[in-house]
Amino acid sequence: MKTGLITSDTYQSHNTGDGHPEKIDRVTVIIDNLKKLNNKNLIWKKPTKFDKSLLKITHNSDYINFVAKSFPEKGLSFLDGDTIISPGSKDATLDAVGSIITAIDGVQNKEFKNAFCAVRPPGHHAGKNKAMGFCIYNNVAVGAHYLINKYNLNKIAIIDFDVHHGNGTQDIFYNSEKVLYISTHQFPYYPGSGTEQEKGKYNNIFNIPLPAGTTSEEYLNAYELVLERIKEFKPEFILLSAGFDAHKDDPLAQFQLKSQDFYELTKRTLELSKLYCNGKVVSILEGGYDLLALQESTELHVNALIEFN
Ligand SMILES: [Zn+2]
């Protein structure tokens with residue numbers, strides 16, 4: 001079967017201002033590169049419009065209303081110190097959520113085996129009632145809730161390999177029996193959370209903090225712990241919070257991963273997913289701020305999604 005690639009032109013209108021690391025070109029370089037490669041095993045789709053009540057499962061109504069009213073008619077507005085929105089951010093923000101819905105439907109309906117969502121803004125720092133760290137809605141959390149509510153699944157695993165801890169995702173699922181959240185991340189570092197002691201009400205949070213300077217070998221060894229936990233949990237579906245800012249060239253963090261490492265970790269995850277959830281994996285873009293590293297790493301990530309699906 002093929003791999004879904006979900007993206008939208010609206011991300012080009014989510015302007016975060018000059019010099020902001022979470023910039024328009026991030027998704028543009030990924031998409032231009034994948035279009036040029038023209039792999040026939042990719043099925044390209046735009047995000048569908050979705051029922052906005054889906055957002056309310058993840059976020060407070062007051063927060064959703066606040067965000068809806070915050071988009072400026074011109075210029076830029078701030079949702080927090082580094083989360084900036086422009087007039088075009090409204091559609092982009094909804095499309096980022098819609099992408100994971102579209103990807104999940106495509107996998108569940110066997111339109112494609114797995115999928116990658118190239119989106120902005122990212123989501124894993126966004127909490128129930130707050131924007132944070134470039135994130136507005138928690139895209140991957142909406143996806144997990146959608147799998148539970150629409151498809152009646154009871155065991156969702158979220159693997160977050162972004163170099164930052166996904167504090168928003170952890171908070172949203174801290175008391176959830178149905179969602180296992182696993183994160184590898186630089187620690188101590190932004191956003192400050194992500195210790196081994198943060199385990200969740202049902203032992204459903206698994207944090208693997210790693211020091212600045214972590215090498216490929218050290219990281220891939222740590223990733224084996226992620227896979228061991230997946231084996232124990234036996235998920236029905238795996239969601240990937242796919243940040244590529246653990247790359248050695250990334251300006252926002254100090255891990256030393258190479259582009260090829262993202263192929264390797266994706267391959268290992270997919271091989272395991274075949275044993276437990278029939279290869280059902282949906283990956284959604286989080287961070288990654290060096291454009292060339294992001295282009296290479298996402299190409300290899302998508303190649304692995306295609307080759308091992
Ligand atoms: Zn990050």
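Taking 27 Å as the limit for the C-alpha separation, the pairs Lys49/Lys267; Lys45/Lys199; Lys2/Lys35; Lys52/Lys128 exceed it in the case of Lys49/Lys267; Lys45/Lys199.
Where the alpha-carbon atoms of the chain are placed on the principal axes, they occupy 49, 45, 42 Å, in descending order. Couplings 3J(HN,Hα) for the range 59-71, derived from phi with the Karplus relation 6.51 cos²θ - 1.76 cosθ + 1.60 (θ = phi - 60°), are 10, 5, 4, 4, 5, 4, 5, 4, 4, 4, 8, 7, 5 Hz, where x marks Gly and Pro. Both numbers refer to the Cα atoms of the range 204-299; Rg and Dmax are 13.4, 37 Å. Using the Cβ of Val142 as centre and a radius below 12 Å, the other residues enclosed give a net charge of +3, where K and R count +1 and D and E count -1. Any idea of Lys199's accessible area? Nearest 10 Å², probe 1.4 Å. Around 100 Å² of this residue is reachable by solvent. Ranked by the mean number of other Cβ atoms within 10 Å of their residues, highest first, the peptides 156-168, 139-151, 105-117, 65-77 fall in the order 156-168, 139-151, 105-117, 65-77. Rounded to the nearest whole Hz, the Karplus-based 3J(HN,Hα) values (6.51 cos²θ - 1.76 cosθ + 1.60, θ = phi - 60°) of the range 132-145 follow the sequence 6, x, 6, 9, 10, 9, 8, 4, 5, 5, 4, x, 5, 5, with x at glycine and proline.
Within the chain, antiparallel bridges make up roughly 15 percent of the DSSP beta bridges whose residues both belong there.
Quote the relative contact order of the chain in percent (integer), defining contacts as alpha-carbon pairs under 8 Å separated by 6+ residues. In percent, rounded to a whole number, it is 19. By its C-alpha gyration tensor, with a ≥ b ≥ c as the square roots of the eigenvalues, how is the range 124-204 shaped: rounded for a/c under 1.5, else prolate for a/b larger than b/c, else oblate? Oblate, since a/c reaches 1.5 and b/c is not below a/b.
Looking at the square roots a ≥ b ≥ c of the eigenvalues of the Cα gyration tensor of the range 45-202, which shape do they give, rounded for a/c under 1.5, prolate if a/b is larger than b/c, or oblate? Oblate.
The values are calculated or read from the model by the stated rules, or taken from the named source; none is laboratory data. These numbers were taken from a predicted model, which means no experiment stands behind them. Counting neighbours? That spans all protein chains shown, and the Cβs are built from the backbone with ideal geometry, glycine included. What goes into the accessible areas is simple: the full protein's heavy atoms, side chains included, and nothing from ligands, DNA or RNA. Shrake-Rupley method; radii C 1.70, N 1.55, O 1.52, S 1.80 Å.
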